[in-house]
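First up is the structure itself, then whatever we jot down about it.
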Amino acid sequence: MTTLITHIKQLVNTREQNILLRGKELASLPCIEDAFLLIEDGIIADYGNMYELEIKVPELPKHNIDASGQFVLPCWCDSHTHIVFAGSRENEFVDKINGLSYAEIAARGGGILNSSQKLNAASEEQLFNESWQRLKEINKLGTGAVEIKSGYGLSAEAELKMLRVIKRLKESSDMIIKSTFLGAHTFPSIFKEDHQGYIDLIINEMLPVIANENLADYIDVFCETGFFSPAEMETICKAGISYGLKPKLHVNQLNSIGGIETAIKLDAVSVDHLEVMTDKDIADISSSKTIGTLLPTAAFFLRMAYQPARKLIDAGAAIALASDFNPGSSPSGNMNLVVALSCIQMKMLPEEAINAATINGAFAMEVEKEAGSISIGKKANLVFTKPVPSLAYIPYSFGTNLIDKVMMNGIFTGIN
Ligand code: NIG
Ligand code: FE
């Protein structure tokens, strides 16, 4: 099917070249005013200014959409989520209001272990249904590509259950989905004093099955004081790499303990969180190929200092933005809020935030050939806004849902 979209007020992030944006490059967001977009069989076939339409599309297709007054953007690329989980943890939310810290809640068997208990008790079907609803919800909010992690199973059986759910989501959804094995999210209680025992389980029991059933694209480790050390992360990642899984890692959320240096040595695709950063950490990311993924809604929800986006950009780093959607530190997958918070709290320009949540997010989960920008040959996964006066109005008007429609593979889906 051929679809022509005409009179688009502004077509956002139009790119002929697919490049990861670093430092100053993030501030440049190519847009076309009064634009058209041609879609063939779900793929972007052409685009340009309305005055070029007659030359570029001499024969107008029957299916025509008038987008007068609307901005059209590539769908958000959310490169870090944990959307496969069971239940919720609002009791801990109240505990935090009453003064307990994230680390204190975790030490009392709350946090990840609480979600792990709930996940172990849930059937695969139940888990799939809950996750499917979350996937639909974020799609309505404009997300078209998403990375999903395991990590609430913490046993071979339950980690595999999570990864099989992610595989089913991949097969059932028209969203682009990448899967990450995060068996090393925390040590289960029975291995609290036997770290090597759990690491052996990950390496000898989980990874071979994951590789055999092709259940993951990446390997992740939560590298923090009280969780996995940089040396433990290195051991686990090297085993993952031997099965073809590239590292995408949780580092520097609570402490700076050398995780970034080790992650870069391991050629990690991305290092994610980055709330607590030394000058050396910033310099190391900036001079590496590894993408720094910032998760501002996690900092917001945990009342932590925001990630040093400006320092990273000024140092020349490639940064992406993601939601970290999970029941403990970011019970929201709303990328519009992520973009708004990045502007409001981290002083990113709207152009920088939109680039970091689209093209750089696509690079952070290696889907840049099919998503992240308006480019010929990429999927027509698009956000149509309600009438807005300017691009900056989108993060400025942070509490309002400005999405009119979402298009996946050239077909409207999330009609609000
Ligand atoms: O990315 N910090 C580690 N993992 C999650 C939170 C996990 C949880 O609290 O359930 C995160 O913030
Ligand atoms: Fe996370």
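The values are calculated or read from the model by the stated rules, or taken from the named source; none is laboratory data. Bear in mind that the values here come from a model prediction, so they are computed numbers and not experimental data. So basically every Cβ, Gly included, is an ideal-geometry build from the backbone, and we count neighbours across all protein chains shown.
Does segment 5-22 include one or more residues that are in a helix (DSSP H, G or I) and either more than 16 Å from ligand 1 (Cβ to nearest atom) or surrounded by fewer than 16 Cβ atoms within 10 Å (Cβ to Cβ) (or both)?
Within segment 5-22, the subset in a helix (DSSP H, G or I) is none.
The answer is no; no qualifying residue exists.
Evaluate segment 128-147: report whether one residue or more is of a type in the set (Ser, Thr, Tyr), at negative phi and surrounded by fewer than 16 Cβ atoms within 10 Å (Cβ to Cβ). Steps first, answer last, please.
Here is the first cut: in segment 128-147, the residues of a type in the set (Ser, Thr, Tyr) are 131, 143.
Adding the requirement that they be at negative phi leaves 131, 143.
Checking the rest, the ones that are also surrounded by fewer than 16 Cβ atoms within 10 Å (Cβ to Cβ) come to none.
There is no residue in segment 128-147 that is of a type in the set (Ser, Thr, Tyr), at negative phi and surrounded by fewer than 16 Cβ atoms within 10 Å (Cβ to Cβ).
Based on this model, can you work out whether LEU337 counts as more than 12 Å from ligand 1 (Cβ to nearest atom) and within 29 Å of LYS96 (Cα to Cα)?
In short, yes.
Applying the selection to segment 292-345, what residues are assigned to a strand (DSSP E or B) and under 21 Å from ILE105 (Cβ atoms)?
Within segment 292-345, the subset assigned to a strand (DSSP E or B) is 292-294, 319-321, 326, 330.
ASN326, SER330 - these are the residues of segment 292-345 that are assigned to a strand (DSSP E or B) and under 21 Å from ILE105 (Cβ atoms).
Quick one: ALA122 ticks every box in (1) within 16 Å of ligand 1 (Cβ to nearest atom); (2) surrounded by fewer than 19 Cβ atoms within 10 Å (Cβ to Cβ); (3) more than 29 Å from ALA305 (Cα to Cα) bar one, so which box is it?
In the conditions (1) within 16 Å of ligand 1 (Cβ to nearest atom); (2) surrounded by fewer than 19 Cβ atoms within 10 Å (Cβ to Cβ); (3) more than 29 Å from ALA305 (Cα to Cα), ALA122 misses (2) alone.
Could you figure out which of (1) at pLDDT 95 or above; (2) away from ligand 2 (no atom under 16 Å from the Cβ); (3) over 19 Å from ILE177 (Cα atoms) isn't true of ARG303?
All conditions are met except number (1).
Filtering segment 360-399 down to residues that are of a type in the set (Val, Ile, Thr) and either modelled with pLDDT under 95 or not in a strand (DSSP E or B) (or both), which residue is surrounded by the fewest Cβ atoms within 10 Å (Cβ to Cβ)? Even if it seems obvious, please write down each step before you answer.
Start the filter on segment 360-399 by keeping residues that are of a type in the set (Val, Ile, Thr), which leaves 367, 374, 376, 383, 385, 388, 394.
When the remaining residues are screened for being either modelled with pLDDT under 95 or not in a strand (DSSP E or B) (or both), the result is 367, 376, 388, 394.
Numbers: VAL367: 23, ILE376: 13, VAL388: 19, ILE394: 24.
Looking at the filtered set, the residue picked out is ILE376.
Please work out if LYS96 is basic (Lys, Arg), more than 16 Å from the chain's Cα centre (by Cα) and surrounded by fewer than 24 Cβ atoms within 10 Å (Cβ to Cβ).
Values: basic (Lys, Arg): yes; more than 16 Å from the chain's Cα centre (by Cα): yes; surrounded by fewer than 24 Cβ atoms within 10 Å (Cβ to Cβ): yes.
Yes.
Give the residue, chosen from ALA106, ALA122, that is modelled with pLDDT of 95 or more and among the small types (Gly, Ala, Ser).
Numbers: ALA106 fails: modelled with pLDDT of 95 or more.
Unique residue meeting the criteria: ALA122.
Residue by residue through segment 322-337, note down the ones that are in contact with a strand residue (DSSP E or B) (Cβ under 8 Å, 6 or more places away or on another chain) and within 13 Å of ligand 2 (Cβ to nearest atom). Spell out the reasoning first.
Pass one, segment 322-337, residues in contact with a strand residue (DSSP E or B) (Cβ under 8 Å, 6 or more places away or on another chain): 322-326, 333, 335-336.
Matches in segment 322-337: ALA322, SER323, ASP324, PHE325, ASN326, GLY333.
Does ASP404 satisfy being under 24 Å from GLU137 (Cβ atoms) and more than 15 Å from the chain's Cα centre (by Cα)? Talk me through it step by step, then tell me what you get.
Working: under 24 Å from GLU137 (Cβ atoms): yes; more than 15 Å from the chain's Cα centre (by Cα): yes.
Yes, satisfied.
Pairs, please: C-beta under 8 Å, at least 6 apart or cross-chain, first residue touching a residue at least 12 places away in the same chain (Cβ under 8 Å) and in segment 97-114, second among the acidic types (Asp, Glu) and assigned to a helix (DSSP H, G or I)?
Listed by first residue and then by second, the contacts come to ILE105/GLU92; ILE105/ASP95; GLY110/GLU92; GLY110/ASP95; GLY111/GLU92; ASN114/GLU92.
If you go through segment 133-173 one residue at a time, how many are away from ligand 2 (no atom under 16 Å from the Cβ), under 27 Å from ILE394 (Cα atoms) and not polar (S, T, N, Q)?
8
Please indicate, with yes or no, whether at least one residue in segment 282-291 is part of a strand (DSSP E or B) and touching a helix residue (DSSP H, G or I) at 6+ places or on another chain (Cβ under 9 Å).
So the first thing to find is which residues in segment 282-291 are part of a strand (DSSP E or B), and the list is 291.
This time we only want the ones that are touching a helix residue (DSSP H, G or I) at 6+ places or on another chain (Cβ under 9 Å), so: 291.
Scanning segment 282-291, I find at least one residue that is part of a strand (DSSP E or B) and touching a helix residue (DSSP H, G or I) at 6+ places or on another chain (Cβ under 9 Å), so the answer is yes.
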